[in-house]
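The values are calculated or read from the model by the stated rules, or taken from the named source; none is laboratory data. The model shown is predicted, which means the values in this text are computed figures rather than measured ones. Glycine also receives a Cβ, built like all others from the backbone with ideal geometry; neighbour counts cover every protein chain displayed. What goes into the accessible areas is simple: the full protein's heavy atoms, side chains included, and nothing from ligands, DNA or RNA. Shrake-Rupley method; radii C 1.70, N 1.55, O 1.52, S 1.80 Å.
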Protein chains: 2
Amino acid sequence: MSVRKPTLAVVGATGAVGTVMLSILSERADIWGEIRLLASKRSAGKKLKVRGEDVVVQELTAEAFHGVDVAMFDVPDEISAQWAPIAAAAGAVAVDNSGAFRMDPDVPLIVPEVNPDAARNRPRGIIANPNCTTLTMMDGMGALHAKFTLTELVVASYQAASGAGQAGVDRLYDELAVVGGRRDLGVRAGDVRAALVDKLGDAPSPFPAPLALNVVPWAGSLKDDGWASEELKVRNESRKILGIPDLKVSATCVRVPVITTHSLAVHATFASPVTVAQAHEVLSAAPNVVVIDDPATLQFPTPADSVGADPTFVGRVRQALDFPNTLDLFVCGDNLRKGAALNTAHIAEMIAAELTA
Amino acid sequence: MSVRKPTLAVVGATGAVGTVMLSILSERADIWGEIRLLASKRSAGKKLKVRGEDVVVQELTAEAFHGVDVAMFDVPDEISAQWAPIAAAAGAVAVDNSGAFRMDPDVPLIVPEVNPDAARNRPRGIIANPNCTTLTMMDGMGALHAKFTLTELVVASYQAASGAGQAGVDRLYDELAVVGGRRDLGVRAGDVRAALVDKLGDAPSPFPAPLALNVVPWAGSLKDDGWASEELKVRNESRKILGIPDLKVSATCVRVPVITTHSLAVHATFASPVTVAQAHEVLSAAPNVVVIDDPATLQFPTPADSVGADPTFVGRVRQALDFPNTLDLFVCGDNLRKGAALNTAHIAEMIAAELTA
């Protein structure tokens with residue numbers, strides 16, 4: 001039996017996530033027929049390598065979605081808000097990695113290993129890909145929830161520079177080039193700040209404070225009552241993905257001087273008792289989760305050892321001493337792969353399988 | 001009225017904390033008569049500057065405590081365990097910054113702004129100074145507890161390299177010299193590790209993984225059930241200092257590439273309702289606490305802007321959305337000053353005031 005392979009459009013192929021996306025599309029099985037690259041007029045005409053071949057970037061227009069089965073969007077919220085409905089109207093399933101549609105009740109928010117069935121109900125023809133910080137823990141938390149019923153999450157993040165895009169990566173490298181080799185910095189208030197101004201001038205940074213030799217307790221934009229948007233995404237998206245509308249969540253989001261891979265310290269409370277051994281068993285069996293957890297030999301996940309890999313890594317699993325039915329643990333996940341491009345690719349492949357079934 | 005000024009001995013004056021201690025002793029009012037410096041035989045005979053004058057380091061012997069009123073110890077646990085009782089037997093009050101005596105029921109564990117009265121009951125003649133991670137939040141938590149009655153703490157730390165002593169500082173500088181200027185690292189699993197081995201060989205590190213371009217979810221030694229000693233110190237010392245034996249505490253301790261100043265993301269639950277405005281009011285009035293908290297103008301504490309200062313800094317105060325009577329907040333404190341030498345100096349000065357009263 002010969003089935004026409006579906007056509008994929010990638011909107012925003014030239015950004016930090018888009019670049020990883022093209023690499024993932026090139027690595028994976030031959031799922032797609034045509035892969036069409038769409039971008040702003042400014043980038044149209046550029047050639048990018050996909051599956052070993054040059055593909056010319058086309059301008060993003062309504063007509064460009066003609067014949068497209070699945071359209072991935074790795075663009076800012078306002079571009080997605082405008083163009084994903086246009087792609088859907090043209091007959092494509094839009095898979096959107098922006099924040100524009102995640103909390104829309106008519107748009108499913110999907111982690112294929114956790115809530116794949118929810119993707120079938122998509123009245124707007126749009127499926128949303130979760131925020132990268134939330135995604136770091138969803139595979140692990142989804143597996144534990146299925147067995148022990150999650151009721152509360154207290155999360156502190158250690159977020160990488162690339163969560164702020166290529167500008168974040170460039171800025172951290174620039175800052176590290178300034179502080180590297182200096183043994184006089186990080187010892188007086190403001191000395192790092194002064195050294196960066198001295199060498200980098202007023203070059204713009206996506207971070208509201210120095211990131212080299214520092215951590216910055218802020219990610220996203222200001223929302224009500226002092227919350228950062230990233231912290232509310234962790235709460236609201238976890239509730240929607242896990243299907244627990246009354247899940248109690250508090251998150252504090254902090255940027256750290258790591259290029260790529262977000263980490264989370266998670267304090268998770270369940271309705272049922274759970275031991276470390278039971279958690280290890282459930283997590284080890286979960287798709288896309290790798291357990292690295294042997295404190296006796298100092299084995300635990302770190303971002304520098306997790307970056308570039310597909311799975312999320314869980315370690316430091318401990319039974320809370322004073323909180324019933326509660327685990328404390330540490331999770332690492334590549335925020336450009338599982339946290340963005342890889343999860344989007346998985347969703348798109350689910351749709352491709354559905355279309356060709 | 002002329003009163004003899006008390007004699008102070010500083011044991012371990014040549015370490016990372018000891019160096020800061022001599023600087024603090026030199027900055028502060030003329031509280032002490034003689035300041036005697038004691039160290040191992042190896043360091044005896046060295047000259048160190050205190051209050052602008054050269055002081056010759058003497059060998060640590062029982063006789064060296066003759067005439068000493070207060071003896072500070074900034075040495076490893078086993079040295080303190082051996083020598084603090086000898087100092088006490090010689091008539092000195094020993095103020096110990098190691099972990100040797102902190103949980104001894106006959107040794108008070110003191111933060112002068114929080115539980116000064118407990119210092120008067122010291123049957124062994126020893127007073128313990130808390131762990132630096134615990135100290136980061138004690139001034140703030142003590143003030144909030146006095147008003148709202150603390151019941152639960154969930155803590156994630158962002159701990160500086162100098163928490164592991166001068167070897168930690170040296171190692172992080174060495175690692176940053178290797179990664180600074182390289183724009184190819186932090187993007188593939190193990191690339192930072194390989195670059196460090198390439199340039200630094202098998203030079204020993206106090207950290208169980210690379211710290212540059214990384215975070216490391218481990219601090220201290222392995223205790224029962226996968227807990228790190230640092231995490232249990234946060235729990236047990238918070239309970240003892242605040243006088244809440246049944247305080248519920250979970251901590252995850254993580255080292256970050258910062259030279260000095262620990263930060264904590266704290267999720268704190270109280271018996272009474274508490275608003276952000278009330279918390280700001282209480283924290284602003286608390287001794288040794290500075291509130292930096294205006295998210296609209298991106299004002300919050302960071303370690304690079306807090307290092308070298310005496311107070312602890314609190315910001316990002318939010319009322320938890322789903323947990324009653326609960327605040328989420330972020331605290332920074334210099335782990336060598338308030339987290340170690342400064343708190344020890346404050347305790348010693350309390351005793352000096354008591355002796356000369």
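Counting pairwise Cα distances across the stretch B:264-357, what percent come out greater than 24 angstrom?
Above the 24 Å cut-off, the stretch B:264-357 has 32 percent of its Cα pairs.
Based on Cβ point charges of +1 for Lys and Arg and -1 for Asp and Glu, what charge dipole magnitude is obtained for chain B about its Cα centre, in debye rounded to the nearest 20?
With Lys and Arg at +1 and Asp and Glu at -1, about 320 debye.
What per residue convex hull volume, in Å³, comes out for the stretch A:203-250 when only alpha-carbon positions are used?
106 Å³
Which whole-percent values make up P(r) of the stretch B:144-193 when all C-alpha to C-alpha distances are grouped in 5 Å steps starting at zero?
For the stretch B:144-193, the binned pair fractions read 4, 15, 13, 13, 16, 11, 7, 6, 8, 7, 0 percent.
For the stretch B:147-167, which residues drop by 40 square angstrom or more in accessible area between the chain on its own and all protein chains together (1.4 Å probe)?
Relative to the lone chain, where solvent access is computed with a 1.4 Å probe, the stretch B:147-167 loses at least 40 Å² at B:V154, B:Y158.
What figure in square angstrom, to the nearest 10, would you give for the accessible area of A:D202 with a 1.4 Å probe?
Number for this one is 150 Å².
Going by a 1.4 Å probe on protein heavy atoms, which residues of the stretch A:308-357 end up with at least 20 Å² less accessible surface in the whole assembly than in their chain alone?
Those are A:R316, A:R318, A:L321, A:D322, A:F323, A:D328, A:F330, which lose 20 Å² or more relative to the chain on its own.
Counting alpha carbon pairs within less than 8 Å and at least 6 residues apart, what relative contact order, in whole percent, applies to chain A?
Relative CO of chain A lands at 19 percent.
Most fluctuating residue of A:G142, A:G181, A:G99 in a GNM of chain A with Cα springs under 10 Å: which is it?
Result: A:G181 has the largest fluctuation of those listed.
Please list 3J(HN,Hα) in residue order for the stretch B:219-228, calculated via the Karplus relation 6.51 cos²θ - 1.76 cosθ + 1.60 where θ = phi - 60°; whole Hz, with x for glycine and proline.
Per residue, the Karplus-derived 3J(HN,Hα) values read 8, x, 10, 6, 10, 4, 6, x, 6, 8 Hz.
Please work out the FRET efficiency for the pair A:A203 and B:R183, using the Cβ-Cβ distance as r and a Förster radius of 22 Å; give the result to the nearest 0.05.
Efficiency at R0 = 22 Å is approximately 0.90.
Counting Lys and Arg as +1 and Asp and Glu as -1, each charge on the Cβ, what is the dipole of the protein assembly as shown about the Cα centre in debye, to the nearest 20?
Approximately 540 debye in magnitude.
Grab the residue from chain B whose Cβ hugs the B-to-A rotation axis most tightly, plus its distance in whole angstrom.
Axis-proximal residue of B, distance in whole Å: B:G180, 1.
Which value in nm describes the separation of the simple spin-label points at A:D246 and B:A353, placed 7 Å from the Cα toward the beta carbon?
5.1 nm
What is the sum of charges, Lys and Arg at +1 and Asp and Glu at -1, for the other residues whose Cβ falls under 12 Å from the Cβ of A:R124?
Net charge around A:R124: -2.
Starting from the stretch A:6-74, pick out the trypsin sites (Lys or Arg not before Pro) whose DSSP state is loop and whose Cβ has at most 11 other Cβ atoms within 10 Å.
A:K41, A:R42
Within 10 Å of each Cβ in peptide A:264-275, how many partner chain Cβ atoms are there on average? Round it to a whole number, please.
For peptide A:264-275, the averaged partner shielding equals 2.
Would you pull out the residues with amide H under 5 Å of A:V290's amide H, same chain only if 5 or more places away, H placed 1.01 Å from N?
So A:V290 has HN proximity to A:T312, A:F313, A:V314.
Would you mind listing the distances between the A:K199 label point and the same position in each other copy? Use 7 Å along Cα-to-C-beta, nm, one decimal, shortest first.
Here A:K199 shows inter-copy label distances of 1.2 nm.
Counting only heavy atoms of protein chains, what accessible area per residue, in Å², does the protein assembly as shown have with a probe of 1.4 Å?
Per-residue accessible area for the protein assembly as shown comes out at 36 Å².
Using the Cα centre of chain B as origin and beta-carbon charges of +1 (Lys, Arg) and -1 (Asp, Glu), tell me which of B:V55, B:L8, B:L144 is placed farthest towards the positive end of the dipole.
Highest projection toward the positive end goes to B:V55.
For the B and A pair, go ahead and give the buried accessible area with a 1.4 Å probe, both sides summed, in Å² to 100.
Counting both chains, the buried surface is close to 6300 Å².
Under unit Cβ charges (Lys, Arg +1; Asp, Glu -1), what dipole magnitude, rounded to 20 debye, does the stretch B:202-357 have relative to its Cα centre?
Taking the Cα centre of the stretch B:202-357 as origin, the dipole is about 160 debye.
Give the residue from B:A156, B:N131, B:N121 lying farthest towards the positive end of the charge dipole for the stretch B:103-175; charges sit on Cβ (+1 for Lys and Arg, -1 for Asp and Glu) and the dipole is referred to the Cα centre.
Result: B:N121.
In terms of the Cα gyration tensor, with a ≥ b ≥ c the square roots of its eigenvalues, is the stretch B:249-295 rounded because a/c is under 1.5, prolate because a/b exceeds b/c, or oblate?
Oblate shape, in that a/c is at least 1.5 and b/c is the bigger or equal ratio.
Hey, any idea what % of chain A's accessible area is carbon plus sulfur with a 1.4 Å probe?
52 percent
Where does each of B:D224, A:D170 land when they are ordered by accessible area, with a 1.4 Å probe and the largest first?
Of B:D224, A:D170, the descending order of accessible area is B:D224, A:D170.
I need two numbers for chain B: Rg to one decimal and Dmax as a whole number, Cα atoms only, in Å.
Looking at chain B, its Cα Rg and Dmax stand at 20.9, 70 Å.
Can you work out the FRET efficiency for the pair A:A118 and B:A118, with r the C-beta to C-beta distance and R0 = 45 Å, to the nearest 0.05?
With a Förster radius of 45 Å, E is 0.20.
From the residues B:T344, B:F65, B:G201, which one has its Cα farthest along the dipole of chain B in the positive direction, the dipole being from +1 and -1 charges on Cβ of Lys/Arg and Asp/Glu about the Cα centre?
B:G201
In vacuum, with every alpha carbon of the protein assembly as shown counted as one equal point scatterer, what does the Debye formula give for log10 I(q)/I(0) at q = 0.05, 0.10, 0.11 Å⁻¹? Two decimals, please.
With one equal scatterer per Cα and no solvent, log10 I(q)/I(0) is -0.26, -0.95, -1.11.
Taking A:E34 in one copy and the same position in all the others, each labelled 7 Å out along Cα→Cβ, what are the pairwise distances from the first, in nm, shortest first?
Values, ascending and in nm: 9.2.
What are the label-to-label distances in nm, one decimal and shortest first, from B:R4 to the same spot in the other copies, with labels 7 Å along Cα to Cβ?
10.1
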